[in-house]
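J.: Provided herewith is a single structure, encoded as structure tokens, for subsequent inquiry.
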Amino acid sequence: LGGLVERAEISGEIIGSPRIAYIFQNPDNQIVGTIVEEDVAFGPENIGVKLPELRERVDKALEYVGLKDMAKRQAAQLSGGQKQKLAIAGALAMRPKLLIMDESTAMLDPQSRDEFLSIVERMQKEQGLTLVTITHDMTEASSCEKIFVVEKGQITTEGKPEEIFLNPEKVRRA
């Protein structure tokens, strides 16, 4: 994470393990299962989670994001907002400590965006999840605890939102 997280937090326990989950901008790029519940089960199953724990993780994750009634549906039939919820469910089933969201609301309509962010905020609070958000959306950025402004691959400014937005020119350049 290029110095964004304390070195002690980036140990063998986290890097290279299922402790980090990633949600892409386009959910179609990360959906691997044909059926919704199969997609959620993919990650935990690949790290050796066995039944009945696997079933429990899948059911809880789908319920958490509001997709439990769609568990048997084909993933390709979901709307864009539902696919992002599916991506969250897949991440949640992995029980990560760190969730990285890369422009994950960019392709969503306003209602789906609000629902998605509400689920992520709830996950963060209820599960003690560390969240790294990569975004160009200033409203979304303003809700973060800390902002890193990146310009040409380099961190040019960092601070709390109220500090960062005092210098709009630096934000605009990035």
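J.: Kindly check whether there is at least one residue in the stretch 73-82 that is buried (at least 17 other Cβ atoms within 10 Å of the Cβ), of a type in the set (Ser, Thr, Tyr) and either part of a loop (DSSP other than H, G, I, E, B) or at pLDDT 95 or above (or both).
T.: Taking every residue of the stretch 73-82 in turn, none turns out to be buried (at least 17 other Cβ atoms within 10 Å of the Cβ), of a type in the set (Ser, Thr, Tyr) and either part of a loop (DSSP other than H, G, I, E, B) or at pLDDT 95 or above (or both).
J.: Kindly establish whether ALA41 is touching a Pro at 6+ places or on another chain (Cβ under 9 Å), touching a residue at least 24 places away in the same chain (Cβ under 8 Å) and of a type outside the set (Ser, Thr, Tyr).
T.: no
J.: Sort out which residues of the stretch 25-71 are in contact with a Lys or Arg (Cβ under 8 Å, 6 or more places away or on another chain) and outside any helix (DSSP H, G or I), and write them in order of number.
T.: ILE31, ILE35, VAL49, GLY66, LEU67
J.: Right, here's the next one. So for the stretch 83-98 (the condition being modelled with pLDDT under 90 and polar (S, T, N, Q)), does at least one residue qualify?
T.: No, the stretch 83-98 contains no residue that is modelled with pLDDT under 90 and polar (S, T, N, Q).
J.: Next up: How many of the residues in the stretch 98-129 are open to solvent by 30 Å² or more (accessible area, probe 1.4 Å) and either part of a helix (DSSP H, G or I) or in contact with a helix residue (DSSP H, G or I) (Cβ under 8 Å, 6 or more places away or on another chain) (or both)?
T.: 15
The values are calculated or read from the model by the stated rules, or taken from the named source; none is laboratory data. Because the structure is predicted, anything quoted here is derived from the model rather than measured. Glycine also receives a Cβ, built like all others from the backbone with ideal geometry; neighbour counts cover every protein chain displayed. These accessible areas exclude ligands, DNA and RNA; they are computed on the full protein's heavy atoms, side chains included. Shrake-Rupley method; radii C 1.70, N 1.55, O 1.52, S 1.80 Å.
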